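Asks: Following this message is one structure expressed as C-alpha cells.
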Amino acid sequence: MAVTYPTGPNGARTIDVAVVGGGPVGAVLALLLADRGRQVVVIERWASPYPLPRAVHFDDETARILQACGIGPVLPVLSEEADTYEWRNGESVPLLRLRTTGMGRSGWPAANMFNQPDLEAELNAKLDEHPLIEIHRGYEVSDVTQGADEVRLTVRPTPGKPAARESDESARPASLQARFAVGCDGANSTVRDILNPPIEDHGFFFDWLIVDVALNTPRVFDPPNLQVCDPARPTTVVSGGPGRRRWEFMCLPGESLDALDEEARAWELLEPWDVGPENATMIRHAGYRFHARWATNWHSDRVFLAGDAAHQTPPFAGQGMCAGLRDAANLAWKLDHVLEHPEASHLLDTYDLERIPHAAAVVGVAMELGKIICVADPGEAAARDAAMAPLVVDGESTPVPPMPSLVDGLLAAGSSCAGELFVQGRVTIDGMTGLFDDLFGVGWRLVAAPDVTSAIPIDIATWFSSIGGRVVTIGPSRDVHDVDGTYAEWFADRGVQAALQRPDFYLFGTTSNADGVAALISELQQRLTGSTSGHAGEESVTNESI
C-alpha cells in the first residue's frame, strides 16, 4: 500500500526501517515491525514473487513466529505434519529413525512440510494490505551509507527486469532515508557486500540436484521423509507440502552438475521411485551447492543482516528458513524498542550476541549430519553403517533434540532457565479457548502460577506496562485456565512459579517466589534502561489475570 513519509533535510523520505529483500525473512520482519506501529519500506529486486519451491520444512518455533504475523489459521492448510525422518543405507537397513510427531513446545507440530510459494503468497497478502508497509518490487539497493541518526539507501530499478510499478513514476523511489536498515537479501546479499563483514566458512559444500514434483493422485510414502545413505547416490526423499514430493540427488565425484541438471536425467533418477511423466508433473529441477558459513558480525551501527545474508546452512536439519525467521523475531522487537527509546541503543548489540552462536550451532549440527550423509566412498559408508545400524531398535525412534538455547545477551543473571524457548499452550479466558499468543498477544509476558504476582510494587508494574508488558496468572483459582496443563507441567518440571517471556518467546528468566517476580522485572528494567528501581517500601499493586 502507498504510504506517505515525512521528508528529511536532504529531501529523502524518512522511515523507521528499510527492509532489503522481500522473501520470507524480509516479509516476516516487516510484518512484525509494522504490527508494532513502525513504518516500513520493503525493497525487493524481483518484480514478482519467486514461483518455485525452495524451503520445504518449518518447525514449531517457526510456526509460532508465523502465527505472530497473523497467518496461523492457514498454516494447517498450507502444510502437512511430518511424523518420521528415517535414514537407511543402500540396502534399506535403518541407520537412524527420528520421531517428529506431536506438538512441539511452541504449540505447533514439531515438523511441518510445505510449499514455499504458498506460504509467500499469504505473507505477501499481509504485506500488501498493511497500512504501514510499502513494498517496491523490481527495485534493488545499489548503495548504503550511514549518518549519525539515519541510513541512506540508493534505490534503482533492477537492471534488465521490469519493475512492478514501472508506469507509476511517483512509485519509483530514488533514495530512502531510514532510521535503520536490514539486509534480508539472500545468500548473494548486496547489503552484506557493502558491510563486508568477516565470514567464517567451514569449507563444507557439495553439489546436489533438487527435483520437485506434484503427484497426479494421492500416494502414501513410508516413511514420509527418508534419507538414503547410499554411496552409489546419496538421496533425500521428503514431502514438499500437500500433494507434492521432493527428491534431492547428490552429484557424485567426477560428475558434472550441469549434466545432472537436465529434465530427462531428472526423470531417469525418479524411475526407481515409480514416478514419471505419466503420474506426476515436474515443478522444477535445479542444481545447487550448499555451504556452511556465517558472517561473524551481523550489524554495523544502523545496518543489520538477517537470513541467508548472514548465514547459510546445509539442508539436512531443515533449518535454513527457520534460522532466518528466528533472526527476524529477535531483531524486530529490539528495533521497535530502540525506536521508542533511543537511549537503549545498547540493546541492539545483543542481536549479534544471541543470534550468531545460535545460528552457528544450527549450522554445525547440519554440517555433522551432512558428513554422515554425503559419503560416496563404499568403504567409508560400510564403516558408518556398521557403527550406526546396531543402534536402531525395531519399533523405537530417537526424539529430535531441541534447538539450542540462547547463551548470552539480554538474559537474567543466574536464572537456570534464562535463554530457554518458552512453551505456548492452549488457554481459556472469558469463554474463549485458543493458543496463548492469540488471546494475549505478543510482547513481554510474565506468566505465573497463582499467588506469586499478588503484590508487585506499583512502580515496577507501571514500568512493565509501559514497555507493553502483561502479567498473566494461570491456575485453577484464576480466570485463565491451562487447558492441557502445559504451563503447570513446565513449572513443575523446572521447579519455578513464574516465567518472564521476551517478545521473541525466549525467557529473560524465571523465579520461584513473589519476591523474585519483582526482582526479575526490576533487573529487566535496569538492563534496558541502565537505571534501578527504588520500589522498596512503596505501595504495591495487585495484578489480576489479564
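Quick note: the coordinates plus some simple rules give every number you see, no bench work behind them. Quick caveat: nothing in here was measured; it's all calculated off a predicted structure. Quick reminder, even Gly has a Cβ in these numbers, built from the backbone with ideal geometry, and neighbours come from all protein chains shown.
Asks: Any idea what the relative contact order of region 426-541 is, in percent, if you count C-alpha pairs under 8 Å spaced at least 6 apart? Before the final figure, lay out the partial values.
Replies: Details: 184 pairs, mean separation 37.2, N = 116.
With pairs under 8 Å counted, the relative contact order is 32 percent.
Asks: Right, another one. Sorted by packing (mean other beta-carbon atoms within 10 Å per residue), highest first, where do 382-392, 487-497 land?
Replies: On the way: 382-392: 14.0, 487-497: 16.4.
By packing density, highest mean first, the sequence is 487-497, 382-392.
Asks: Pairing the Cα long axis of helix 24-34 with the longest principal axis of the chain, what angle in degrees results, from 0 to 90 and rounded to the nearest 10?
Replies: Once rounded, one gets 10 degrees.
Asks: If one takes the longest principal axis of the Cα atoms in the chain, at what angle in degrees, from 0 to 90 and to the nearest 10, does the Cα axis of helix 349-373 lie?
Replies: 20
Asks: Taking the beta-carbon count within 10 Å as an exposure proxy, list 458, 429, 133 from fewest neighbours to most. Please report the intermediate quantities before stating the final value.
Replies: On the way: 458 14, 429 18, 133 23.
The most exposed by this proxy come first: 458, 429, 133.
Asks: Now for a different question. Please give the helix 320-340 orientation as an angle from the longest Cα principal axis of the chain, in degrees from 0 to 90, rounded to the nearest 10.
Replies: Computed tilt is about 20 degrees.
Asks: Using helices alone, I'd like the mean residue ellipticity at 222 nm for the chain: each DSSP H run of four-plus residues gives -39500 (n - 2.57), total over residue count, nearest 500. Walk me through the numbers on the way to the answer.
Replies: Details: 14 runs with 152 residues, N = 546.
Roughly -8500 deg cm²/dmol at 222 nm, from the helical runs in the chain.
Asks: What FRET efficiency comes out for residue 93 versus residue 196 if R0 is 51 angstrom and r is the Cβ-Cβ distance? Round to the nearest 0.05.
Replies: Details: r = 48 Å, r/R0 = 0.94.
Result of the calculation: an efficiency of 0.60.
Asks: What number comes out for the charge environment of residue 294, summing +1 per Lys or Arg and -1 per Asp or Glu over other residues with Cβ under 14 Å away? The partial results should precede the final answer.
Replies: Working: positive: 192, 293, 326, 355; negative: 200, 201, 308, 327, 352, 354.
So the surrounding residues net to -2.
Asks: Here's a follow-up. Using alpha-carbon pairs under 8 Å, 6+ residues apart, how would you state the relative contact order of the chain in percent?
Replies: On the way: 1170 pairs, mean separation 80.7, N = 546.
Reported relative contact order: 15 percent.
Asks: State the answer as a single residue: which of 73, 51, 20 lies farthest towards the positive end of the charge dipole of region 10-95, with beta carbon charges of +1 for Lys and Arg and -1 for Asp and Glu, about the Cα centre.
Replies: So the residue furthest toward the plus end is 20.
Asks: In a shell of Cβ-Cβ distance under 12 Å around residue 498, excluding residue 498 itself, what net charge do Lys and Arg (+1) and Asp and Glu (-1) give?
Replies: Values: positive: 445, 494; negative: 451, 515.
Here the count lands on 0.
Asks: Shifting gears a bit: Give me the net charge for the shell around residue 339: Cβ to Cβ below 13 angstrom, other residues only, Lys and Arg +1, Asp and Glu -1.
Replies: On the way: positive: 36, 38, 179, 302, 334; negative: 16, 149, 150, 336, 340, 343.
Combined, the nearby Lys, Arg, Asp and Glu give -1.
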